[in-house]
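Structure record follows, encoded as structure tokens.
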Amino acid sequence: MKISIARADAAGHQTPLLAVPVLDGDAQDAAFTSLDGALGGQLAALVQRGDARGAFGTTTLVFPASGAERVLLIGVGKGAELTTERLRRAAGSAAKQAATSRVGAVSFALPASAVPVADAARAVAEGLVLGAYDFRELKSADPAKPAPVALESATILVGEGTDEAAAAEGARVGEIIARAENLARDLGNLPGNVATPTYLAETAERIGRERGMKVTVLGPKELEAEGMNALLAVAQGSAQEPRLMILEHRGGAEGEKPLVLVGKGLTFDAGGISIKPAQGMEDMKFDMCGGAGTLAAMQAIAELDLPLNVVGIVPSSENLLGSKAMKPGDILRAHGGKTIEIVNTDAEGRLILVDAISYAKRYEPAAMLDAATLTGACVIALGHAATGVMGNDDALVREVIAAGESTGERCWQLPMFDDYREQIKSDYADLKNSGGRPAGTITAGWFLREFVGDWPWVHLDVAGTAYGDGKISYLSKGSTGVPTRIFVQWVMDRAAARGQTAGA
């Protein structure tokens, strides 16, 4: 999608679809007022009658006699409550309406608000690109129905006195990040027989070639030589070979300690010998969304040329049943030397993660985030509205939460009291891989923490947020792309804290 900025009056703007935000109970924005004047008060009359409303999330489609072919009035709530997330969702509604109306171009009138124009334009660009996403790669075309029309271009209209250059830069950043998140959504939505560990590794290599990153891929022999026995143990019940992918963006100074992102890439999880129930098991193709988000974030970080060193690591395997599959009661020695008693083969994501986390020690990280669809317990605790976070550094936890607030991908901190560590003690090994049902998300976090070392670290459990029913306007059923934007925002915030910007 091509996104541009135009300083134009909504009243005379020609476009197949013009999206105009409507405020709730406040004096309307200049774009609404100008367009209403040109239409002889038609829009204000709709609002007065209640046919169009400013309540957040409401939409009304109007066919004016002149100017734009269609006008979509989008309620954004009270002006004082306008946020980047509300703009993002409004733009998502515009993209969805474009698909319904079968038009390939849309314009969005950016309202004046307290939101900085660069942030506002970025949010609108993200909403448009994310909202236009349509995963149909594996569907056959229906000859009885017209082919869908892709949204190919979007124009963000800004008013007089607006910093057009700032808006353009914001839109550029938003388009890059949203396009990366759509890559994560593609990877998540692909079935397990397509998006195998080998497929993810090939995707990592392609991203590296296109974005100038060093990419290293370890297969079974290299993993064995590295002593990554936890990852190998999870994979040994499957015919699909495991992979460990390492992508290196060198945007910072030579020798500067990198930020490290780790994502679980479990491409299908049947639970192993501790097999899952059949109902809903097809959704276990989404168990690699942490890894998909890491690959996508690295693409955006490199394309934005963020001025920091960043390393992305994705361990990937399947977790199936077979004559060679690991069994409850098995004890294995993970990378770094600690032994693990397997009490539940369905607690496998933490196993492949700890080998990757231990592998990251060689980079001496300045800080590290990991993300995984790790525990169903996190869905029970937080539902689908927030990602669970925990870590060994409260300042870093606050950074991650702030990044989530900026991107509309909210996070909630869970405690890591020492008491929870007791639940993963083993009678036969250094640790056992599950602490049982009580505080299952936290004990899983504690298991990861045992392999972290001394650097600042935060774990994101995205089990409830990595895929969903698509009720948010810029999302669709299936993969959401979480944690792509959180990861990228965190790196951007780190760069901004040092007075650096993208491309510096």
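So the values come out like this:
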quantity: Of all residues making up region 344-358, the number that are buried (at least 24 other Cβ atoms within 10 Å of the Cβ) and part of a helix (DSSP H, G or I); calculated: 9
quantity: Residues located in region 28-54, provided they are over 26 Å from THR162 (Cβ atoms) and within 33 Å of the chain's Cα centre (by Cα); calculated: ARG53
quantity: Test result for ARG89, surrounded by 17 or more Cβ atoms within 10 Å (Cβ to Cβ), touching a residue at least 40 places away in the same chain (Cβ under 8 Å) and either among the β-branched types (Val, Ile, Thr) or out of contact with any His (no Cβ under 9 Å at 6 or more places or on another chain) (or both); calculated: yes
quantity: Candidates GLU341, GLU348, GLU303, filtered to the one that is under 23 Å from GLY212 (Cα atoms) and of a type in the set (Asp, Glu); calculated: GLU303
quantity: Any hit, region 113-121, residues being of a type in the set (Asp, Glu), under 17 Å from LEU475 (Cβ atoms) and in the same structural domain as ALA8 (by TED's automatic domain parsing); calculated: no
quantity: Condition broken by LEU187, with the remaining ones in (1) touching a helix residue (DSSP H, G or I) at 6+ places or on another chain (Cβ under 7 Å); (2) farther than 21 Å from ALA95 by Cα; (3) assigned to a loop (DSSP other than H, G, I, E, B) satisfied; calculated: (3)
quantity: Any chance LEU87 is closer than 28 Å to ALA165 by Cα and in contact with a Lys or Arg (Cβ under 7 Å, 6 or more places away or on another chain); calculated: no
quantity: One residue from GLY237, GLY212, GLY174 being under 20 Å from ASP346 (Cβ atoms) and either surrounded by fewer than 24 Cβ atoms within 10 Å (Cβ to Cβ) or within 23 Å of the chain's Cα centre (by Cα) (or both); calculated: GLY237
quantity: Qualifying strands (runs of 3 or more DSSP E) (wholly inside region 241-282; at least 2 residues being among the small types (Gly, Ala, Ser), closer than 28 Å to TRP455 by Cα and modelled with pLDDT of 95 or more); calculated: none
quantity: Flag for ASP26 being assigned by TED's automatic domain parsing to the domain that holds ALA98, surrounded by fewer than 16 Cβ atoms within 10 Å (Cβ to Cβ) and more than 13 Å from VAL71 (Cα to Cα); calculated: yes
quantity: Residue list for region 124-165, restricted to those being under 21 Å from the mean Cα position of the chain (by Cα), closer than 24 Å to ASN189 by Cβ and modelled with pLDDT of 95 or more; calculated: ALA125, GLU126, GLY127, LEU128, VAL129, LEU130, GLY131, ALA132, TYR133, ASP134, PHE135
quantity: Residues (out of contact with any Phe, Trp or Tyr (no Cβ under 7 Å at 6 or more places or on another chain) and touching a residue at least 60 places away in the same chain (Cβ under 8 Å)) located in region 367-384; calculated: ASP370, ALA371, ALA372, LEU374, THR375, GLY376, ALA377, CYS378, VAL379, ALA381, GLY383, HIS384
quantity: Residue list for region 290-310, filter: surrounded by fewer than 24 Cβ atoms within 10 Å (Cβ to Cβ) and in contact with a Pro (Cβ under 6 Å, 6 or more places away or on another chain); calculated: ASN309
quantity: Helices (runs of 4 or more DSSP H) lying entirely in region 392-465 (those with 1 or more residues that are among the β-branched types (Val, Ile, Thr) and closer than 21 Å to THR345 by Cβ); calculated: 440-449
quantity: Among the candidates GLY329, GLY336, GLY322, residue that is over 29 Å from the mean Cα position of the chain (by Cα), part of a loop (DSSP other than H, G, I, E, B) and either free of Cβ contacts under 8 Å to residues at least 24 places away in the same chain or not assigned by TED's automatic domain parsing to the domain that holds ALA429 (or both); calculated: GLY329
quantity: Residues being among the acidic types (Asp, Glu) and free of Cβ contacts under 8 Å to residues at least 24 places away in the same chain - total across region 250-288; calculated: 2
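Condition check ((1) basic (Lys, Arg); (2) crowded, with 16+ Cβ neighbours inside 10 Å; (3) not in a loop (DSSP other than H, G, I, E, B)) across all residues:
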residue	(1), (2), (3)
SER34	no, yes, yes
LEU46	no, yes, yes
GLY77	no, yes, no
LYS96	yes, yes, yes
VAL103	no, yes, no
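The values are calculated or read from the model by the stated rules, or taken from the named source; none is laboratory data. Everything numeric here is computed off the predicted structure, so don't read it as measured data. Glycine also receives a Cβ, built like all others from the backbone with ideal geometry; neighbour counts cover every protein chain displayed.
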